[in-house]
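**Student:** This is the structure I want to talk about, given as structure tokens.
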Amino acid sequence: MRRSHRYGDAGQAFPIYLTVVGGLLFLAFAYLAVGQAAANRNGAQTAADAAALAAAQDRRDQLTGAWVEDLLDPTEWQAIFNGSAEGLDDSCWRAQQLAARNNASVQCEQEGLLGYTVEAETTDTVGDSIVPGTESMKSRETATAVIDPRCTFDPLGEDAPEDILPLLTCKGGEEWELDPKGPVELLPQPQDLFDVHLAD
């Protein structure tokens, strides 16, 4: 009788064991689905960040080029540092280029004169998982990059000599005494004139 009772207990425990193992497997697959979704969202955010920064950097480079062209006309400098210059091209093409490298597509919009907002959507889906619908689910994230001028200057008086340019004072206390007859290579570079960063 004792042996029969022991076998009966084992038989009753086996369904419980199966239920517990099945529950653990379900939780494991659920966590895997959550991890897949998180990885996909991270990919979308990385693509959005990179694309927004790329567009802003392209605009920064164009503004620097415009400043070099108007170097001898300091009356145009402030407008350029504010983001306004003639002949600038749309920089969203750089956002699209960077997004493609990160397996995403983007919608890009210029924000004012010194910023770009990008919405990126992953080309890859979350993939098959225990959660229904993830096989066709894509992630979308947004990012905004802004351009901040780093330098200021005091306009020259009307009687200032033509071969004298304003002194540029930039963040960190850096000063540029500009020589209008000097080589272009000695002029401030884009990163000297403007900061590019993601908006908070």
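**Student:** Which of the residues that make up the range 167-182 are under 34 Å from the mean Cα position of the chain (by Cα) and part of a loop (DSSP other than H, G, I, E, B)?
**Tutor:** Quick first cut of the range 167-182, residues under 34 Å from the mean Cα position of the chain (by Cα) only: 167-178.
167, 177, 178 - these are the residues of the range 167-182 that are under 34 Å from the mean Cα position of the chain (by Cα) and part of a loop (DSSP other than H, G, I, E, B).
**Student:** Give the range 183-192 a look and list any residue that's surrounded by fewer than 13 Cβ atoms within 10 Å (Cβ to Cβ), not in a loop (DSSP other than H, G, I, E, B) and not aliphatic (A, V, I, L, M), or say none. Explain how you work it out, then say what you get.
**Tutor:** The initial filter retains those residues of the range 183-192 that are surrounded by fewer than 13 Cβ atoms within 10 Å (Cβ to Cβ), namely 183-186, 189.
Adding the requirement that they be not in a loop (DSSP other than H, G, I, E, B) leaves 184-186.
Within the range 183-192, just 185 meets the criteria.
**Student:** Can you tell me which of 41, 101 is charged (D, E, K, R), at pLDDT below 90 and loosely packed, with under 13 Cβ neighbours inside 10 Å?
**Tutor:** Checking each option against the conditions leaves just 101.
**Student:** Considering every residue within the range 26-37, establish whether at least one is assigned to a helix (DSSP H, G or I) and modelled with pLDDT of 90 or more.
**Tutor:** The answer is no; no qualifying residue exists.
**Student:** Being small (Gly, Ala, Ser), free of Cβ contacts under 8 Å to residues at least 40 places away in the same chain and outside any strand (DSSP E or B) is the filter here, so list the residues in the range 81-106 that pass it. Show your work before the answer.
**Tutor:** From the range 81-106, those small (Gly, Ala, Ser) are 83-85, 87, 91, 95, 99-100, 104-105; that's our starting set.
Checking which are free of Cβ contacts under 8 Å to residues at least 40 places away in the same chain leaves us with 84-85, 87, 91, 100, 105.
Within the range 81-106, 84, 85, 87, 91, 100 qualify.
**Student:** Against the definition (modelled with pLDDT under 85, surrounded by fewer than 16 Cβ atoms within 10 Å (Cβ to Cβ), outside any loop (DSSP other than H, G, I, E, B) and of a type outside the set (Ser, Thr, Tyr)), how does residue 109 come out, yes or no? Walk me through how you get there before you give the answer.
**Tutor:** Working: modelled with pLDDT under 85: no; surrounded by fewer than 16 Cβ atoms within 10 Å (Cβ to Cβ): yes; outside any loop (DSSP other than H, G, I, E, B): yes; of a type outside the set (Ser, Thr, Tyr): yes.
Here the answer is no, as residue 109 does not meet what is asked.
**Student:** Which residue out of 157, 172, 182 is within 30 Å of residue 49 (Cα to Cα) and out of contact with any strand residue (DSSP E or B) (no Cβ under 7 Å at 6 or more places or on another chain)? Steps first, please.
**Tutor:** On the way: 157 fails: within 30 Å of residue 49 (Cα to Cα); 182 fails: within 30 Å of residue 49 (Cα to Cα).
Result of the check over 157, 172, 182: 172.
**Student:** Can you pull out the residues in the range 155-196 that are closer than 19 Å to residue 84 by Cα and not β-branched (Val, Ile, Thr)?
**Tutor:** Taking the range 155-196 as the starting set, the residues that turn out to be closer than 19 Å to residue 84 by Cα are 155, 168, 188-196.
Result: 155, 168, 188, 189, 190, 191, 192, 193, 194, 195.
The values are calculated or read from the model by the stated rules, or taken from the named source; none is laboratory data. Computed from a prediction, not measured in an experiment: that's the story for all the values here. Reconstructed Cβ throughout: ideal geometry from the backbone, glycine too, with neighbour counts over all protein chains shown.
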